[in-house]
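Structure first, commentary second.
The values are calculated or read from the model by the stated rules, or taken from the named source; none is laboratory data. These numbers were taken from a predicted model, which means no experiment stands behind them. Note that we place each Cβ from the backbone using ideal geometry, even for glycine, and neighbour counts take in every protein chain shown.
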Amino acid sequence: MELRQLEYFLRVASEGSISRAAESLHMTQPPLSISIAKLEAELGRPLLSRESRGVRLTEAGAHFAEQAERILQDIQQLREDMRNDAVGTAGRLSLASVPTITWFLLPQLLRRFIAESPATDVTVADPPPAKVIEMVLGHEADVGLIATPSWSQLQESYRSSLNVLHAGDLRMLLALPPSFSDAPEPLSLADLHAQTWIMPRRSLRIRGLPELFDALWERLGLTPPTIRRVATLQTAIPLVASGMGISLVPESVRSMGTTPVVLRSLAEDVPPLQAAAIWSSERPPSRAVESFLACLREGGLGATP
């Protein structure tokens with residue numbers, strides 16, 4: 001199997017037609033058909049279903065296309081990394097960070113990192129926590145940044161596949177609609193039991209704010225209140241601002257300056273969320289990852305150390 005065969009197959013899959021794929025590859029149709037036939041013979045499975053108006057992927061073909069695309073991306077990344085090493089630059093760094101960290105804590109960390117590694121090409125995605133873990137496990141992201149009640153439990157859960165670094169604590173505040181502008185400081189959770197609370201959805205991959213929230217009510221001896229679920233904590237803020245409920249948010253929200261919500265501290269002793277960096281333990285980190293982690297170890301996320 002050759003890389004060229006993978007490229008040819010993916011072009012056919014994209015075009016949905018061998019003739020159109022041949023045209024876009026600036027080649028004639030017979031050699032392309034032969035290449036696909038050899039690939040199918042080697043794999044022992046039909047990858048394409050031939051139809052009157054073109055071709056479509058079989059189930060095996062769809063799986064092969066997904067893996068082939070990943071292989072070609074990895075090879076392209078390897079080429080770029082080697083090229084960057086040759087000229088003395090730091091390569092690329094792909095980050096996946098939960099929105100709460102992306103918007104409120106990551107900018108100051110990236111400023112420090114870029115000051116030390118100005119040649120590094122940095123990309124950032126801000127998916128929900130479970131997707132962050134999935135991206136790091138699947139090597140779609142070099143480093144993931146998440147918030148959890150216990151970074152050590154996260155480390156234990158993924159000890160065979162992920163490295164975990166505690167990057168600081170996120171003290172929690174109440175986020176309230178503008179109608180609470182005259183509310184005292186601090187406020188008790190018990191006094192807000194009748195309110196609708198806006199919380200992120202639970203994740204099977206990682207414990208997060210929902211589990212911390214449940215533990216607070218259990219400690220107070222009260223049943224959990226009415227909850228409206230959202231994809232991420234970041235999306236709760238505009239809903240709180242519109243009066244649809246209240247929420248718990250990291251103190252770092254104050255970095256927004258003028259916020260659309262009222263922030264108040266809690267009368268109860270609420271454990272912080274713990275920020276954690278994760279990266280694959282299945283392959284050695286690149287120079288860019290090592291530099292980023294060194295920067296993180298030195299100064300954290302700007303959260304409470």
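Figures for the structure shown
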| quantity | calculated |
| --- | --- |
| All strands (runs of 3 or more DSSP E) inside region 242-302 with 3 or more residues being touching a strand residue (DSSP E or B) at 6+ places or on another chain (Cβ under 7 Å) and closer than 23 Å to ILE114 by Cα | 273-280 |
| Matching option when the condition is within 23 Å of SER150 (Cβ to Cβ) and assigned by TED's automatic domain parsing to the domain that holds TRP103, among ILE278, ILE227, ILE206 | ILE278 |
| Check on ILE206, in contact with a Pro (Cβ under 8 Å, 6 or more places away or on another chain), β-branched (Val, Ile, Thr) and within 28 Å of MET135 (Cα to Cα) | yes |
| Region 12-42, residues that are within 13 Å of PHE64 (Cα to Cα), surrounded by 15 or more Cβ atoms within 10 Å (Cβ to Cβ) and out of contact with any strand residue (DSSP E or B) (no Cβ under 8 Å at 6 or more places or on another chain) | LEU39 |
| Of all residues making up region 117-174, the number that are surrounded by fewer than 19 Cβ atoms within 10 Å (Cβ to Cβ), more than 16 Å from the chain's Cα centre (by Cα) and part of a helix (DSSP H, G or I) | 5 |
| Qualifying positions in region 48-63 - surrounded by 15 or more Cβ atoms within 10 Å (Cβ to Cβ) and either free of Cβ contacts under 8 Å to residues at least 12 places away in the same chain or in contact with a strand residue (DSSP E or B) (Cβ under 8 Å, 6 or more places away or on another chain) (or both) | LEU48, VAL55, LEU57, THR58, GLY61 |
| Output for region 41-55, where each listed residue is under 35 Å from the mean Cα position of the chain (by Cα) and part of a helix (DSSP H, G or I) | LEU43 |
| Filter pass, ILE101 being surrounded by 20 or more Cβ atoms within 10 Å (Cβ to Cβ), modelled with pLDDT of 90 or more, outside the structural domain of PRO238 (by TED's automatic domain parsing) and under 16 Å from the mean Cα position of the chain (by Cα) | no |
| Selection from region 258-274 of residues that are modelled with pLDDT of 85 or more and hydroxyl-bearing (Ser, Thr, Tyr) | SER265 |
| Unmet requirement for ARG45, which otherwise passes all of (1) basic (Lys, Arg); (2) out of contact with any strand residue (DSSP E or B) (no Cβ under 6 Å at 6 or more places or on another chain); (3) touching a residue at least 40 places away in the same chain (Cβ under 8 Å) | (3) |
| Identity of the residue in region 275-292, surrounded by 19 or more Cβ atoms within 10 Å (Cβ to Cβ), modelled with pLDDT of 90 or more and of a type outside the set (S, T, N, Q), that ends up nearest to GLY91 (Cα to Cα) | VAL289 |
| Filtered residue count, region 228-247, keeping only those that are buried (at least 16 other Cβ atoms within 10 Å of the Cβ), in contact with a helix residue (DSSP H, G or I) (Cβ under 9 Å, 6 or more places away or on another chain) and at pLDDT 85 or above | 6 |
| Residue check, ALA231 in contact with a Lys or Arg (Cβ under 7 Å, 6 or more places away or on another chain) and under 30 Å from ALA115 (Cα atoms) | no |
| Residues that are surrounded by 15 or more Cβ atoms within 10 Å (Cβ to Cβ) and under 20 Å from GLY44 (Cβ atoms), drawn from region 1-11 | GLN5, LEU6, TYR8, PHE9, LEU10 |
| Selection status of ALA96, at pLDDT 85 or above and within 25 Å of the chain's Cα centre (by Cα) | yes |
